[in-house]
1. If the reach is capped at under 15 angstrom between alpha carbons, list the aspartates and glutamates near B:Lys121, excluding any in the same chain fewer than eight residues apart.
2. Near B:Lys73, which aspartates and glutamates are there with a Cα under 20 Å away, not counting those fewer than 8 places off in the same chain?
3. I need A:Met43, B:Met113 ordered by Cβ neighbour count within 10 Å, fewest first.
4. How would the stretch B:43-116 be classified by its alpha-carbon gyration tensor: rounded, prolate or oblate, with rounded meaning a/c under 1.5 and the a/b versus b/c comparison settling the rest?
Amino acid sequence: MSDYLFWFTLVTRLAGVIAAKNGVAPKELEYFKLLTDVSRITMFTQADLKALEAKYEAERGTPVTVEELDALSADIRARNERIQATGEKP
Amino acid sequence: MTVRQLQFIFLLAAIALYALAGCVTTPQQVLKVACDRNYEYATERCAKAIADTYRVYQKRAEEFVLDPTRPEKLKRDVRSAEETATNVILDLLDATKAYVLIKQDLDALEKLMAAGDATPKEVGEKSKELQVASNDLDLWIENTEPHIQLLIKLLGS
């Protein structure tokens, strides 16, 4: 899946470059940028979800440890702090 | 490049996206594997998988808010959805941790009982405690879905 999206991203980007060289209006070029952008995000999300599916398939029937849960909580909390810190300060 | 050629490219792109949509891995597929009740430890694995799946979208949210080309209003919406969802997911992980610890205690008590060092009453009480923690966890699992869906919707926009 991520391979297909990689090629799709590449093709839309190339199409954008060709369109720009052929004098397509900037407004229309925005559509190419949008398509490339959407497929890029989808590509990374898909790669992560596929990896997770494979991981949970391989680990079926195994226990979850407190250490794993703590590590997951710490990672989510740290990213949350970074995301919230990007907002406007009151 | 003519408008007709542009339309043709977009038609092709739309067809390609439509075709790709048929073979995507959805968050629901990940959870279907992790929450399979035919395997042991499904309850805690399911809860952990929800948090792991959420982390995938939380990473996208971080990229989104750091992207200078994104509109500030959308970034605010993403930050707000992320904040709410994170709190729910952290509560879910706390409930999972409590459940895992009670389960470990119950296993230890059962071994002690087999050796004659714990009473069936003690084991019974711990079993009840585990049932309560399990019900709590099921409730948290139900609560998380709408929050993750909102974040997915915002990041897809």
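Here, each number is a calculation from the coordinates, and none is a lab measurement. Bear in mind the structure is a predicted one, so any value in this text is a computation, not a measurement. When we count neighbours, we look across all protein chains shown, and the Cβ atoms used for this are built from the backbone with ideal geometry, even at glycine.
1. B:Asp105, B:Asp107, B:Glu110, B:Glu129
2. Qualifying aspartates and glutamates at Cα under 20 Å: A:Glu30, A:Asp37, A:Glu81, A:Glu88, B:Glu62, B:Glu63, B:Glu82, B:Glu83.
3. B:Met113, A:Met43
4. Taking the square roots of the gyration eigenvalues as a ≥ b ≥ c, the stretch B:43-116 is prolate.
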